[in-house]
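Novice: First the structure, then my questions, so here it is.
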Amino acid sequence: MESLGLDFGDDKRIAGVDEVGRGPLIGNVVAAAVILDPSKPIIGLADSKKLSEKRRQALSDEILEKALSWCIASASPAEIDELNILHATMLAMQRAVQGLHIAPEFAYIDGNRCPVLGCPSEAIVKGDSKVAEISAASIIAKVARDKEMEALDKLHPEYGFAKHKGYPTVLHMDALEKYGPLPQHRRTFKPVRQLLDDH
């Protein structure tokens, strides 16, 4: 897996950007930006969804240790409700790129559109399985968001967040119906909105 597109040479600072958490009914949408170090290759980078939790955690630790620069950022449920999930995702991606302590000269974005950034960028559909930098971003974003859900699970174990990570599974929907939405639930997402409307 390599950087695609233009021939940047070895010294071009390329950031990969990806997000996790557009589909869940609760919590932040989390984005990450990563600039890899060509002199410290990381073996086994792949789409975070295709990796086991143990492998993802190990790769995340390696990425945080070896990358030239990385940043994990987010947009809150309140921002998601205010802006909508697409614009909140773009905001989280902007924050991740802005948070890099090394300014990238180019950014590859997973998906079909780019946020407004201070450098040229290109959107790549399924980029997390095509571009090493995006894979790295998807892995550290996924691990970070899963940890947020595990922390929420400790506070509210009855909702089962450690199992479903906030996605609208049967378990989550049953708990939502039984216990009602938490402050961290996204009010504008249909299942939550319907519950609020019904009560």
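Novice: Do we have any residue at all in segment 125-132 that's farther than 21 Å from Pro77 by Cα, assigned to a helix (DSSP H, G or I) and touching a strand residue (DSSP E or B) at 6+ places or on another chain (Cβ under 6 Å)? Full working, then the answer.
Specialist: In the first step, residues of segment 125-132 are kept if they are farther than 21 Å from Pro77 by Cα; the result is 125-132.
Keeping just the survivors that are assigned to a helix (DSSP H, G or I) gives 127-129, 132.
With touching a strand residue (DSSP E or B) at 6+ places or on another chain (Cβ under 6 Å) added as a condition, the list becomes 127-128.
Yes, that holds for at least one residue.
Novice: Something else now. What are the residues in segment 128-142 that are buried (at least 24 other Cβ atoms within 10 Å of the Cβ) and either within 12 Å of the chain's Cα centre (by Cα) or more than 15 Å from Ile35 (Cα to Cα) (or both), if any?
Specialist: Asp128, Ile134, Ser135, Ala136, Ala137, Ser138, Ile139, Ile140, Ala141, Lys142
Novice: Another one. Mind checking which residues of segment 122-158 are touching a residue at least 60 places away in the same chain (Cβ under 8 Å), farther than 19 Å from Arg22 by Cβ and not hydrophobic (A, V, I, L, M, F, W, C)?
Specialist: Scanning segment 122-158 gives Glu122, Lys130, Glu133.
Novice: Taking only pairs six or more apart or across chains, which ones have beta-carbon atoms under 8 Å, a first residue in segment 92-114 that is under 15 Å from Leu36 (Cα atoms) and open to solvent by 40 Å² or more (accessible area, probe 1.4 Å), and a second residue that is charged (D, E, K, R) and assigned to a loop (DSSP other than H, G, I, E, B)?
Specialist: Ile102/Arg13; Ala103/Arg13; Glu105/Lys12; Glu105/Arg13
Novice: How many of the residues in segment 73-89 are surrounded by fewer than 22 Cβ atoms within 10 Å (Cβ to Cβ) and not hydroxyl-bearing (Ser, Thr, Tyr)? Write out each step before concluding.
Specialist: Pass one, segment 73-89, residues surrounded by fewer than 22 Cβ atoms within 10 Å (Cβ to Cβ): 76, 78-79, 81-87.
Applying the additional criterion that residues be not hydroxyl-bearing (Ser, Thr, Tyr) yields 78-79, 81-87.
So the answer is 9.
Novice: A follow-up question, please. I'm checking my understanding of the structure. Among residues of segment 160-190 that are over 22 Å from the mean Cα position of the chain (by Cα) and closer than 22 Å to Val20 by Cα, which one is surrounded by the fewest Cβ atoms within 10 Å (Cβ to Cβ)? Talk me through it step by step, then tell me what you get.
Specialist: Narrowing segment 160-190 to residues over 22 Å from the mean Cα position of the chain (by Cα): 170-171, 173-181.
Then drop every residue that is not closer than 22 Å to Val20 by Cα, which leaves 170-171, 173, 176, 181.
Numbers: Val170: 8, Leu171: 14, Met173: 14, Leu176: 20, Pro181: 18.
In this case the residue turns out to be Val170.
The values are calculated or read from the model by the stated rules, or taken from the named source; none is laboratory data. Just so it is clear, the structure is predicted and the values come from calculations on it, not from any experiment. Neighbour counts run over all protein chains shown; Cβ positions are idealised from the backbone, glycine included. Heavy atoms of the whole protein, side chains included, go into the accessibility calculation; ligands, DNA and RNA do not. Shrake-Rupley method; radii C 1.70, N 1.55, O 1.52, S 1.80 Å.
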